[in-house]
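Here the structure comes first, spelled out in structure tokens, and everything after it is commentary.
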Amino acid sequence: MKHTLSIVSIFVMVVVIAQSGAAEDYPYRAALKSKVITPFVEIVEDANGNGRYDRGEKFDDRNGNGSFDPVFIGGYGANRRAIGVHDDLYARALAVSSAGETVIVMYMDWVGLLYNHCAAIKQRIRIARPEIPWNNIVVGSTHNHHGPDMIGIWGPVPYLVSGVDYEYLNWALDRAAETAIEAFDSMQPARLKAIEVDCDKFVKDIHDPKIKDPMLTALQFEGPGGVIGTFFNWAAHPELLIESQTQITADYPHYLRKITEERFGGLAMFTPGPLGGMQTPDAPGNTFADAEYIGRGLAAAAAESLEKQTAYEPAKLEIITERFDVPITNPRFVLAIRAGLIGDRTRTPEVDGRLQAPSEVHYIKLGGLEIVSNPGEMFPEDGFRVQEQMEGRLNFILGLCSNEIGYLVPHEIWDPTMYEATMSQGEQTSPLFLEYFSGLLNSDFAERRRNQANVEEMTVPILAELPARTSPEAPWIQAEQSWEELRKPAGAADDGEDDF
Ligand SMILES: [Zn+2]
């Protein structure tokens, strides 16, 4: 009997040791969640193959009003009207928690999202989950050039009529907030792998001077049951499927995510690095097969490196979030904002009569990594200037985060006639950000973190009400199903899942 007891107690001890070992192996809690945010498109039978709806061509009049209701595509020139959907657009949110601190990083397949609307997502998350601090929610866009106009400058008449469908926008902001809440609610034990791999052959700089940042960063969270999610950061425009392509798609990130998910399980998300002036994917052509070539190439490079990596980062998670606004001097943008075409004038702060482009800048320490965000399209040369002041084992930059303020053109190459300058807030934007980052990255992290201003209090008063949903039967509500679901013949099985 005694003998039996001691065997049992040894067995219990072994189990206890194994369990405590497991807890140390999985020092984080993490989840990556996804929801479809594809806009509702009336599909055109493009008889003459010109990529446009022409009078007389058949279309799927889903709301039965007898006329073709266009979705204006954000990216490239104005007045691009979607004629179909190739693959779904997504909101994806990574929630990570360690030692009582939780951070949510979420990106949507949009060309950009203005500060007001990023803040509106945060507000909706905070209403549902007040325990998530405002400062710990990071909202950005992938810079996809084949999704709906979310800013206003790609409508039927450029700089006169907005291309934003506010009913879609309102719905999609809800969906994005729900994605983050779901991620927060479903975090599970996880460990972290992080790699950086040179993907130079898949990116080119098409403007002088030719300077690239070809490093693909991948973070992978793995739980006891397998891979939870893979997070990518890379500096190239999701614009491989050029201007004439008018199907809704997430471009190469669609393939990068899909192929990574097939290989590892879990979900994958994409975030853009310093992709300004003018980082673009390098493929033989501009077809969906070429987008797949880029996605497959990046996925394979990351997978090979991730599979070799066994050293896990020590658990650490800290975030600093600050408001940083820059003056808008670009006369086109000033006019468009004052005309109510971009965002809403009442929601654009002014200092001494000068409009300001607001943003939140985040500085995250995760394991041995450092991450900073900026609200626009930083150039790689500025990216290097920022990264060399960072101290992580891996350092990277999230772009188009908390706003889309356009290009941050380095001062040494500023020329008011260059394309990037016409799509920037002004000549001082890049120098102001570089000065700001020098201050942020060289100050005492703990002290700066203690002294964070209340960004929520600064921001919520300038948020105007978004237009209410006016038609509850609006056709885009059907888009809560994925495009794959919509395409299934009537009566096909639906498992009720809408989050993948
Ligand atoms: Zn761009």
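The values are calculated or read from the model by the stated rules, or taken from the named source; none is laboratory data. Please read all numbers here as calculations on a predicted model, not as lab measurements. Cβ atoms come from the backbone with ideal geometry, glycine included; neighbour counts cover every protein chain shown.
In the stretch 349-361, the residues that are in contact (Cβ under 8 Å) with a residue 40 or more places away in the chain and closer than 8 Å to Pro327 by Cβ reach residues that are of a type outside the set (Asp, Glu) and assigned to a strand (DSSP E or B) with C-beta atoms within less than 7 angstrom, at least six apart or across chains, in these pairs: Ala357/Val326. Look at (1) within 30 Å of Ala99 (Cα to Cα); (2) within 16 Å of the ligand (Cβ to nearest atom); (3) part of a helix (DSSP H, G or I) and you find that Pro253 fails only one, number (1).
With respect to the numbered conditions (1) outside any helix (DSSP H, G or I); (2) more than 25 Å from Asn395 (Cα to Cα); (3) hydroxyl-bearing (Ser, Thr, Tyr); (4) at pLDDT 95 or above, which one is the sole condition not fulfilled by Ser244? Result: Ser244 passes all but (4). Of all residue pairs spaced 6 or more apart or on separate chains, those with beta-carbon atoms under 9 Å, a first member in the stretch 220-246 that is in contact (Cβ under 8 Å) with a residue 60 or more places away in the chain and more than 26 Å from Gly383 (Cα to Cα) and a second member that is among the aliphatic types (A, V, I, L, M) and within 16 Å of the ligand (Cβ to nearest atom) are Thr246/Ile73.
Determine whether Val386 is of a type outside the set (Gly, Ala, Ser) and within 16 Å of the ligand (Cβ to nearest atom). Steps first, answer last, please.
Details: of a type outside the set (Gly, Ala, Ser): yes; within 16 Å of the ligand (Cβ to nearest atom): no.
Judged against the criteria, Val386 is not a match.
Every test in (1) over 21 Å from Gly367 (Cα atoms); (2) of a type in the set (Phe, Trp, Tyr); (3) away from the ligand (no atom under 16 Å from the Cβ); (4) in contact with a Gly (Cβ under 9 Å, 6 or more places away or on another chain) is passed by Phe396 save one, and that test is (1). Just checking, does the stretch 315-330 include any residue being within 24 Å of Lys204 (Cβ to Cβ), more than 16 Å from the ligand (Cβ to nearest atom) and in contact (Cβ under 8 Å) with a residue 40 or more places away in the chain? Taking every residue of the stretch 315-330 in turn, none turns out to be within 24 Å of Lys204 (Cβ to Cβ), more than 16 Å from the ligand (Cβ to nearest atom) and in contact (Cβ under 8 Å) with a residue 40 or more places away in the chain.
Candidates are the residues of the stretch 358-402 that are polar (S, T, N, Q) and in contact with a Leu (Cβ under 6 Å, 6 or more places away or on another chain); the one that is farthest from Met106 (Cα to Cα) is Gln389.
State yes or no: is Thr230 among the hydroxyl-bearing types (Ser, Thr, Tyr), away from the ligand (no atom under 16 Å from the Cβ) and under 25 Å from Tyr419 (Cα atoms)? Walk me through it before giving the result.
On the way: among the hydroxyl-bearing types (Ser, Thr, Tyr): yes; away from the ligand (no atom under 16 Å from the Cβ): yes; under 25 Å from Tyr419 (Cα atoms): no.
In short, no.
Consider Gly353 carefully, then state whether it is away from the ligand (no atom under 16 Å from the Cβ) and surrounded by fewer than 22 Cβ atoms within 10 Å (Cβ to Cβ). Outline the logic, then answer.
Values: away from the ligand (no atom under 16 Å from the Cβ): yes; surrounded by fewer than 22 Cβ atoms within 10 Å (Cβ to Cβ): yes.
Yes.
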